[in-house]
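Have a look at the structure below before the remarks.
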Amino acid sequence: MFQLTVVDHIRLSFGSVVTAYGGHAAAAARLSRRAWYAKVAMLSFVALAAVAVLLAQGRGPRFHVTAGALAALGFVACALYVALDPEPRIYAHRATAARLWLLCEKYRALLTEVHDELLDVPSITRRRDALLQETSRVFEQSPPADQQTDDIVRRTLLGEPRGDLRDGDLDQLLPAALRRA
């Protein structure tokens with residue numbers, strides 16, 4: 001049989017929050033990067049179409065067809081961007097990551113106070129339960145279901161690839177005095 005202390009439980013919860021934070025921050029960065037590439041593609045197609053129109057003056061139908069094709073590609077890129085509308089998902093992941101970062105700091109503070117023996121056991125369990133409730137509220141208000149959120153949940157809750165923080169990994173996020181030997 002294994003034994004799990006209150007501090008071990010707090011450390012495990014802290015690890016889950018850190019994993020979720022990293023996932024949401026990475027998802028926001030990834031979506032933001034893709035949105036930037038889409039905007040660059042739209043602008044490039046429209047700019048190339050404008051250049052083709054200018055070059056088409058007196059040079060034949062090939063340039064007219066090229067200008068039309070480039071304008072159509074620019075329109076398709078713009079339509080896809082508008083249809084997918086990544087901005088709300090980017091902001092949702094960023095907001096969730098920010099809220100999870102604050103929770104990470106609260107977990108760190110609790111672990112520090114436990115280490116410094118500033119709290120008794122009932123106070124520790126009350127604070128732990130309050131943090132778990134706050135974590136639950138953050139997850140309830142997290143971004144809508146998309147591939148990035150699904151991956152974050154899988155890594156956080158199921159410990160699947162890249163989501164399983166080992167004690168050594170978790171120790172790197174804590175001050176030296178709170179690290180396990």
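Quick note: the coordinates plus some simple rules give every number you see, no bench work behind them. In this text the structure is predicted, and so the values were computed from the model without any measurement.
Hey, how many Å between the Cα centroid of segment 1-73 and the Cα centroid of segment 80-101?
12
More than 27 Å apart: what percent of Cα pairs in segment 6-174 qualify?
When all Cα pairs of segment 6-174 are counted, 46 percent exceed 27 Å.
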